[in-house]
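**Q** After the structure tokens below, expect a handful of questions from me.
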Amino acid sequence: MNPTSNLLARYLQAIGEHLPAATRDDMLAELRANLQAQLDDRAEELNRPLTDPEVAAILKEHGRPILVAARYLPQQYLIGPAIFPYYLMTLRKAAPFALLIIFLANCSNLLFIHTFPELIAGILRALGLLIPDLIMFAAWLTGAFVIAEYVYTRNHAKPFNASWDPTKLPAIKPQFKGKSRASRIADLIFHCFWIIYILEIPSHHFLILGPSELYLRRLAITFAPIWHTYYVFLLVLLAVQLVTKILALNPTFDRLQSTFDLVTKLVGVASTAFLAAMKTYFVASGPAANQATLAAVNHGIGIAFRIVLILTVIDLFVEAWKLFRPSLRSKGLAF
Amino acid sequence: MSATSNPSPDPQIFDSLRLELRRGCLIVAVLAQLRAEHYGYTLRKALADQGLAIEESTLYPLLRRLETQKLLTSQWREEDKRNKRFYKLSPEGELILAQLLAEWNSINDSVNTILQHSDQR
């Protein structure tokens, strides 16, 4: 076997590995005839037999075997252009809900955690599981659409287009114009009243407990010392919010408003996490206190704070997503 | 005063648009060229000689696809002591080619009219 036919035979064999058995021999015979004619032409031009590198150069120009074979096959895709827009739309719409459900499911064991470090570790673990779980969700969804594509192409169906009606398109969305100056001033005034209210709570417990203050007094139950620490934390948070609300009156700080809101929410999450990790919210103020009732009240409040913590973490992520989405989108990292 | 220069177009964009523009034209050219019988290699040479170079890896599968669509007929025959598959335009292919050429001329006329109007502005 001369070098030309040896290289050509190897090339054709490599192509043949990727062709369907039913038509392989016919396709390869035709390809051999065409390539052989090209090689003969070149040899005739040079007036001598072709060397191995010259044959290799012609075959290389013809293309990599797997790609040459692919061109003889019908176009193949897992999700074709008719189905793909629906796949992308479903992925976009369902991903936030999937994230929420996955996060809530991963957070369910937080209700049974008793220490602050365990609580933080539990939240971090729940966040860490988001990415692999989301990939799994996307894989299942993709699998479902691959099946839809298979059914669609097999039946030559037009599944989604027939029911489309232009008159059922959603109404035009109003453009977001941000908060007016009047609403920002009102917000600031309300916040000042809110601070005054909070400042009055230590000397007037009924402001937060209402009529139940009398009930707690009768049960000989009062606030635990933890609330004193939290109270300082709360005042710092309110002061930070006050500064941001004053800054928000100046239009030059418009762009920073979302960042301010996000920082405030972050501090809010930290303070809720602090409360959620505590075990004792109320203590006995006298010997008449019923220890069983006290334990039940503390346990109930602890669970409530953990639920609030999960919700505030979700809210924080939603806000962060809204804030960073435009810049991620411009970099092609978000849809 | 700084001189403003036109930004140079992205060659990749041009290549991609050129490919799209050529795709339909190549089919018309192949059908027209196969009014006379050819096998793959000589068809490619004939097209290249007339200024329409086409890659083998594009042309040979295209011939098979056009044959599947019944626009071409083919037969194996010996030439120069080698078996080769010769292609020719089928009667159905003739009709389709005529329709494609009418469409081609119509597009050509429209584009020329648009260009003339835009030149006058």
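The values are calculated or read from the model by the stated rules, or taken from the named source; none is laboratory data. Predicted model, so just to flag it, every value in this text is computed and none were measured. Glycine gets a Cβ as well: all are built from the backbone with ideal geometry, and neighbour counts include every protein chain shown.
**Q** Starting from region A:200-222, take each residue that is among the β-branched types (Val, Ile, Thr) and list its partners that are in a loop (DSSP other than H, G, I, E, B) and surrounded by 15 or more Cβ atoms within 10 Å (Cβ to Cβ), counting only C-beta distances under 6 angstrom and pairs at least six apart or across chains.
**A** That search, which allows pairs on different chains as well, returns A:Ile208/A:Ile201; A:Ile221/A:Ala289.
**Q** Determine the pairs where a residue that is more than 17 Å from A:Phe317 (Cβ to Cβ), located within region A:84-100, has a partner that is assigned to a helix (DSSP H, G or I) and modelled with pLDDT of 90 or more with Cβ atoms under 8 Å apart, the partner being 6 or more residues away or on another chain.
**A** A:Tyr86/A:Phe145; A:Tyr87/A:Leu141; A:Tyr87/A:Thr142; A:Tyr87/A:Phe145; A:Thr90/A:Leu141; A:Thr90/A:Phe145; A:Leu91/A:Ala138; A:Leu91/A:Leu141
A quick yes/no check of all residues on (1) assigned by TED's automatic domain parsing to the domain that holds A:Ala98; (2) over 18 Å from A:Leu119 (Cβ atoms); (3) of a type in the set (Val, Ile, Thr):
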{"residue": "A:Arg218", "(1), (2), (3)": "no, yes, no"}
{"residue": "A:Val240", "(1), (2), (3)": "no, yes, yes"}
{"residue": "A:Thr259", "(1), (2), (3)": "no, yes, yes"}
{"residue": "A:Leu262", "(1), (2), (3)": "no, yes, no"}
{"residue": "A:Phe274", "(1), (2), (3)": "no, no, no"}
{"residue": "A:Tyr281", "(1), (2), (3)": "no, no, no"}
{"residue": "A:Ala284", "(1), (2), (3)": "no, yes, no"}
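**Q** Right, another one. When you scan region A:200-212, do you find a residue that is farther than 20 Å from A:Met278 by Cβ, outside any loop (DSSP other than H, G, I, E, B), touching an Asp or Glu at 6+ places or on another chain (Cβ under 7 Å) and of a type outside the set (Lys, Arg), even just one?
**A** There is at least one residue in region A:200-212 that is farther than 20 Å from A:Met278 by Cβ, outside any loop (DSSP other than H, G, I, E, B), touching an Asp or Glu at 6+ places or on another chain (Cβ under 7 Å) and of a type outside the set (Lys, Arg).
**Q** Please go through region A:274-297 and pick out each residue that is touching a Pro at 6+ places or on another chain (Cβ under 9 Å) and β-branched (Val, Ile, Thr).
**A** So the first thing to find is which residues in region A:274-297 are touching a Pro at 6+ places or on another chain (Cβ under 9 Å), and the list is A:277, A:280, A:283.
Those that are touching a Pro at 6+ places or on another chain (Cβ under 9 Å) and β-branched (Val, Ile, Thr): A:Thr280, A:Val283.
**Q** Out of the residues in region A:67-83 that are within 14 Å of another protein chain (Cβ to nearest Cβ) and without any contact (Cβ under 8 Å) to a residue 12 or more places away in the chain, state the one that is surrounded by the most Cβ atoms within 10 Å (Cβ to Cβ).
**A** Result: A:Arg71.
**Q** So B:Arg18 passes all but one of these: (1) among the basic types (Lys, Arg); (2) part of a helix (DSSP H, G or I); (3) surrounded by 12 or more Cβ atoms within 10 Å (Cβ to Cβ). Which condition number does it fail?
**A** Only one criterion is unmet by B:Arg18, namely (3).
**Q** Among residues belonging to region B:42-55 that are outside any helix (DSSP H, G or I), more than 9 Å from every other protein chain (Cβ to nearest Cβ) and of a type outside the set (Val, Ile, Thr), point out the one that is nearest to A:Ala29 (Cα to Cα).
**A** It comes out as B:Ala53.
**Q** Residue check: is B:Arg64 part of a strand (DSSP E or B) and closer than 15 Å to A:Asp26 by Cα?
**A** no
**Q** May I ask you to list the residues in region B:56-85 that are surrounded by 14 or more Cβ atoms within 10 Å (Cβ to Cβ), at the interface with chain A (Cβ under 10 Å from one of its Cβ atoms) and not small (Gly, Ala, Ser)?
**A** B:Glu56, B:Thr58, B:Leu59, B:Tyr60, B:Pro61, B:Leu62, B:Leu63, B:Arg64, B:Arg65, B:Lys84, B:Arg85, listed by residue number.
**Q** Can you find a residue that is without any contact (Cβ under 8 Å) to a residue 24 or more places away in the chain and loosely packed, with under 12 Cβ neighbours inside 10 Å anywhere in region B:39-46?
**A** Taking every residue of region B:39-46 in turn, none turns out to be without any contact (Cβ under 8 Å) to a residue 24 or more places away in the chain and loosely packed, with under 12 Cβ neighbours inside 10 Å.
**Q** Does region A:108-121 contain at least one residue that is of a type in the set (S, T, N, Q), part of a helix (DSSP H, G or I) and surrounded by 14 or more Cβ atoms within 10 Å (Cβ to Cβ)?
**A** Checked against the condition, which is being of a type in the set (S, T, N, Q), part of a helix (DSSP H, G or I) and surrounded by 14 or more Cβ atoms within 10 Å (Cβ to Cβ), region A:108-121 yields no hits at all.
Listed here are the residues, each with its yes/no results for (1) within 12 Å of chain B (Cβ to nearest Cβ); (2) of a type in the set (Ser, Thr, Tyr); (3) part of a helix (DSSP H, G or I); (4) in contact with a helix residue (DSSP H, G or I) (Cβ under 7 Å, 6 or more places away or on another chain).
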{"site": "A:Asn6", "(1), (2), (3), (4)": "no, no, yes, no"}
{"site": "A:Ala14", "(1), (2), (3), (4)": "no, no, yes, yes"}
{"site": "A:Ala22", "(1), (2), (3), (4)": "no, no, yes, no"}
{"site": "A:Arg32", "(1), (2), (3), (4)": "yes, no, yes, yes"}
{"site": "A:Ala37", "(1), (2), (3), (4)": "yes, no, yes, yes"}
{"site": "A:Glu44", "(1), (2), (3), (4)": "yes, no, yes, no"}
{"site": "A:Pro49", "(1), (2), (3), (4)": "no, no, no, yes"}
{"site": "A:Ala56", "(1), (2), (3), (4)": "no, no, yes, yes"}
